[in-house]
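The values are calculated or read from the model by the stated rules, or taken from the named source; none is laboratory data. The structure displayed is predicted, hence computed values, not measured ones. With ideal geometry, Cβ positions are generated from the backbone for all residues, glycine too; neighbour counts draw on all protein chains shown.
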Amino acid sequence: MVALKILITGGAGFIGKHLTAHLRQSGHWVRWLDTLDPQIHGPEAAKQADYSQKVDEMILGDVCIRENWKRALQDIDAVIHLAAQTGTGQSMYRVGYYTEVNVGGTALLWDILVNEPTKVKKVVVASSRSIYGEGAYACRGMCGSVVPEPRTKNQLARGQWELACPCCGQAAVALATPETSTPKPASLYACTKLAQEQISLTMGKTLDISTVVLRFQNVFGPGQSLRNPYTGIISIFSNQMRQNLPINIYEDGQETRDFVFVDDVANACTQALTLDCNTAIFNVGSGKPICVLDLAHTLKQLWGSSSTISITGDYRVGDIRHNWADISRLRSVWSNWPVTDFYTGLEKFVEWARQQAIFEDQSEIATVELKRRNL
């Protein structure tokens, strides 16, 4: 592959750092545009922004500021757009901010690409499995494949966790969700990610800029933020278990997620740069559902923690019940795409996390914020 000059927005983040290592090992030149959000990086990060050993160039800037984008795009061949505000729960009461950063920041990128001269020929957009909402299901009756509506607050308050067929009302069983599944966002965060996709695919096709959307499942691994109480169930549980704090399992603990190791995601982003296409969409996950309660017990064992694990029936509006990726499209293009074993990935994460600082658990603060807003 020809060496490229690549811009990674949000490059100083969890995925961005791993991706940068992949790209530089392949001979590419990498620039970051990152605001160093204190919620993720800590309150002093912007004052200590020396990344000279990790990246070719670091621009401390905001994707919501046009001049920052213009500077970052100079002489760039490809953009990998990772920068976004994340967190399902927080998005439901920081509506304007999430929309400004995720949708507005993406719109600014394409506004510059259409109105000003650049060298950009490839854009890779980090999207999310959240755009599917509850994802793909099969009706236990006669309706076949269906996409249930997001669960309402009344359903969650009644402890009605599982989904029903939207056509006949009978019980439905979760399936691996393919890229063709109808999007039904259940949170403001998911709405913004879907908008990012649609803006990018529309403009990429119009401008003949090859555009690839990658819908990430729950990414985990060494380097993820241990201080952010709104995202990353593995890091939140781990921070609590290191302090032997009680673990609150939402709903009935049987909800499932698809956890994908960060190096697999970095590999998918790198491979996307080589794809010869106008536009394309791929799920990026392990293709396997993991029960949240099982995750908690496995982490407790790895940490050797004395934390109590309680199923409380708490819930968050906008959370989904089950979702895991159908990765057959990904493997049809990259047949040798590897999937890191989940337990192996957890071992690597815990080994890294043991060497990191222990942060005050702020998950209860996040919970209080949601309850105060009736979410």
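Being within 22 Å of Lys288 (Cα to Cα) and touching a residue at least 24 places away in the same chain (Cβ under 8 Å) is the requirement here; does Glu149 meet it? No. Report whether or not Asp258 is touching a Pro at 6+ places or on another chain (Cβ under 8 Å), closer than 25 Å to Gln90 by Cα and modelled with pLDDT of 95 or more. Against the criterion (touching a Pro at 6+ places or on another chain (Cβ under 8 Å), closer than 25 Å to Gln90 by Cα and modelled with pLDDT of 95 or more), Asp258 qualifies.
Under the condition of being exposed (fewer than 14 other Cβ atoms within 10 Å of the Cβ) and touching a residue at least 24 places away in the same chain (Cβ under 8 Å), the residues counted in region 294-315 number 4. Among the conditions (1) within 24 Å of Ala186 (Cα to Cα); (2) touching a residue at least 60 places away in the same chain (Cβ under 8 Å); (3) not in a loop (DSSP other than H, G, I, E, B); (4) not aliphatic (A, V, I, L, M), the only one that Glu364 does not satisfy is (2).
Screening region 101-132 for residues that are outside any strand (DSSP E or B) and hydroxyl-bearing (Ser, Thr, Tyr) and picking the one that is surrounded by the most Cβ atoms within 10 Å (Cβ to Cβ) gives Ser130.
Yes or no, residue by residue, for (1) closer than 22 Å to Met92 by Cβ; (2) of a type in the set (Lys, Arg); (3) assigned to a helix (DSSP H, G or I):
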| residue | (1), (2), (3) |
| --- | --- |
| Ser238 | no, no, yes |
| Met241 | no, no, yes |
| Glu251 | yes, no, no |
| Gln254 | no, no, no |
| Asp264 | no, no, yes |
| Ala268 | no, no, yes |
| Gln271 | no, no, yes |
| Thr274 | no, no, no |
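Of all the listed residues (Gln155, Gln196), the sole one being of a type outside the set (Val, Ile, Thr), touching a Ser or Thr at 6+ places or on another chain (Cβ under 6 Å) and either part of a helix (DSSP H, G or I) or touching a residue at least 40 places away in the same chain (Cβ under 8 Å) (or both) is Gln196. Note on region 273-289: residues that are under 21 Å from Ile131 (Cβ atoms), hydrophobic (A, V, I, L, M, F, W, C) and surrounded by 16 or more Cβ atoms within 10 Å (Cβ to Cβ) amount to 4.
Checking each residue of region 339-358 against the condition of being surrounded by 13 or more Cβ atoms within 10 Å (Cβ to Cβ), touching a residue at least 40 places away in the same chain (Cβ under 8 Å) and under 30 Å from Cys277 (Cα atoms) gives at least one match.
Of all residues in region 206-236, those satisfying the criterion of being in a strand (DSSP E or B) and under 12 Å from the mean Cα position of the chain (by Cα) are Leu214, Arg215, Phe216, Asn218, Val219, Phe220. Counting only helices (runs of 4 or more DSSP H) that fall entirely inside region 14-97 and contain at least 3 residues that are modelled with pLDDT of 95 or more and in contact with a Cys (Cβ under 9 Å, 6 or more places away or on another chain), the qualifying elements are 14-25. With the structure loaded, tell me whether Gly135 is farther than 17 Å from Asn218 by Cα and part of a loop (DSSP other than H, G, I, E, B) or whether it fails that test. Spelling it out, it is not the case that Gly135 is farther than 17 Å from Asn218 by Cα and part of a loop (DSSP other than H, G, I, E, B). Among all residues of region 196-206, there is none that is in contact with a Pro (Cβ under 9 Å, 6 or more places away or on another chain), buried (at least 21 other Cβ atoms within 10 Å of the Cβ) and polar (S, T, N, Q). Checked across region 159-168, the condition of being surrounded by fewer than 16 Cβ atoms within 10 Å (Cβ to Cβ), at pLDDT below 95 and not in a loop (DSSP other than H, G, I, E, B) holds for no residue. So, Thr308, is that one of a type in the set (Ser, Thr, Tyr), at pLDDT below 95 and over 19 Å from the mean Cα position of the chain (by Cα) or not? For Thr308, the condition - of a type in the set (Ser, Thr, Tyr), at pLDDT below 95 and over 19 Å from the mean Cα position of the chain (by Cα) - is not met.
Is it the case that Val124 is in contact (Cβ under 8 Å) with a residue 60 or more places away in the chain and closer than 25 Å to Phe220 by Cα? Yes.
Scanning region 201-213 for residues that are touching a Leu at 6+ places or on another chain (Cβ under 9 Å) and closer than 18 Å to Thr182 by Cα returns a single hit, Val213. Within region 51-94, being basic (Lys, Arg) and either without any contact (Cβ under 8 Å) to a residue 12 or more places away in the chain or surrounded by 18 or more Cβ atoms within 10 Å (Cβ to Cβ) (or both) holds for one residue alone: Arg94. If you go through region 250-260 and keep only what is surrounded by fewer than 21 Cβ atoms within 10 Å (Cβ to Cβ) and not acidic (Asp, Glu), you end up with Tyr250, Gly253, Gln254, Thr256.
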